[in-house]
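The values are calculated or read from the model by the stated rules, or taken from the named source; none is laboratory data. In this text, all values refer to a predicted model and were calculated from it rather than measured experimentally. Cβ sites come from the backbone with ideal geometry, for glycine too, and all protein chains shown count toward neighbours.
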Amino acid sequence: MRTVRVKRGAAPRLVIAALVVGHLGCRRSTTAPAGEEAQGDSVTAVPSGVSPPAVASGKPEPASPPAVASGKLEPASPPPFDVDAWLAARGLTWQPDKSCWSSVPVAGAPLLNACTCNRALQMPDEPREVLVCTVGRDQPVSAAFPFIEHTVLYVAHGRGLRPVLDIRTAASIEECPPNVSGCRAEIAPVVDGDAIRFADAPRPSGVIAPTCADAIASVEGDMRKLPEAKRGPLRQVLAGYRQICGARGRYHWRKGAFRRTP
């Protein structure tokens, strides 16, 4: 259940991206992300202590001594979240709604779930469990971003699911280098007592990535370096970042939904 991104209006967007990336893309992080190699697929090693095949003389070589374990053992990574198993364990099924479902443009085509659901939050009180999903929404051709990501929160409702919050939580400049401050703004939900709090999204260990404050300050700084007539694309980026970062804060369960609290 992954969102399919559809490229539309590539030429106008490339104009915006070229202007924006021309000022943001040149500033790469001076610290290379550490441990990226550990994020890839695991490699199966030949077990130690296994004898190699016999040589041409017919005499087998002695077995190699077993390797001595060294260093600390890394904890095993948790298995990826399986939303189908999560739903089945609770006797729930997806039901069409405007937050995560969309129909393909073919007459009579079934509704498709466009969300990617990556975890469930455990609450101390009602509603107890909250399913966290993400969906990308395609933006108009003139928008600063090709698409903006929404976080949609679901709770069980009868034998189905009901959306209880849908907000913009991430946006990226197309073709922008990774970890450049002005390239992306992103927030994510965490449990905070009896509420859900949206804060700067966590990053993998060892990866230097910008916060909301970094992203906004970077774009504001680049705007000051440009003449007034060329600030339009960056103004659009800044408005998008401020909307996303402005959604940070605590959301309490009130009257069957999560609502922003001061």
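State all residues of region 128-149 that are more than 17 Å from the chain's Cα centre (by Cα) and of a type in the set (Gly, Ala, Ser); if no residue qualifies, say none.
142, 143, 144
Check 97, 125 and return the single one that is of a type in the set (Asp, Glu), over 24 Å from the mean Cα position of the chain (by Cα), at pLDDT 70 or above and assigned to a loop (DSSP other than H, G, I, E, B).
Exactly one residue qualifies, and that residue is 125.
Among the numbered conditions (1) buried (at least 20 other Cβ atoms within 10 Å of the Cβ); (2) touching a residue at least 60 places away in the same chain (Cβ under 8 Å); (3) in contact with a Cys (Cβ under 8 Å, 6 or more places away or on another chain), tell me where residue 184 comes up short.
Unmet for residue 184, out of (1) buried (at least 20 other Cβ atoms within 10 Å of the Cβ); (2) touching a residue at least 60 places away in the same chain (Cβ under 8 Å); (3) in contact with a Cys (Cβ under 8 Å, 6 or more places away or on another chain): (2).
I'd like to verify a number: residues in region 102-122 that are modelled with pLDDT under 85, more than 19 Å from the chain's Cα centre (by Cα) and not in a loop (DSSP other than H, G, I, E, B), how many?
4
Looking at region 141-173, which of its residues are in contact with a His (Cβ under 7 Å, 6 or more places away or on another chain) and not hydroxyl-bearing (Ser, Thr, Tyr)?
166, 167, 168
Name the single residue that is surrounded by the most Cβ atoms within 10 Å (Cβ to Cβ) among those in region 214-262 being touching a Cys at 6+ places or on another chain (Cβ under 8 Å) and in a helix (DSSP H, G or I).
Out of the qualifying residues, it is 215.
Residue 131 is checked against (1) crowded, with 18+ Cβ neighbours inside 10 Å; (2) in contact with an Asp or Glu (Cβ under 9 Å, 6 or more places away or on another chain) and fails just one. What number does that condition carry?
So residue 131 meets the others, but not (2).
Which residue pairs have Cβ atoms closer than 6 Å, lie 6 or more positions apart in sequence or on different chains, and pair a first residue in region 81-100 that is of a type in the set (A, V, I, L, M) and surrounded by 11 or more Cβ atoms within 10 Å (Cβ to Cβ) with a second residue that is modelled with pLDDT of 90 or more and outside any loop (DSSP other than H, G, I, E, B)?
Every condition considered, the pairs that remain are 83/117; 92/156.
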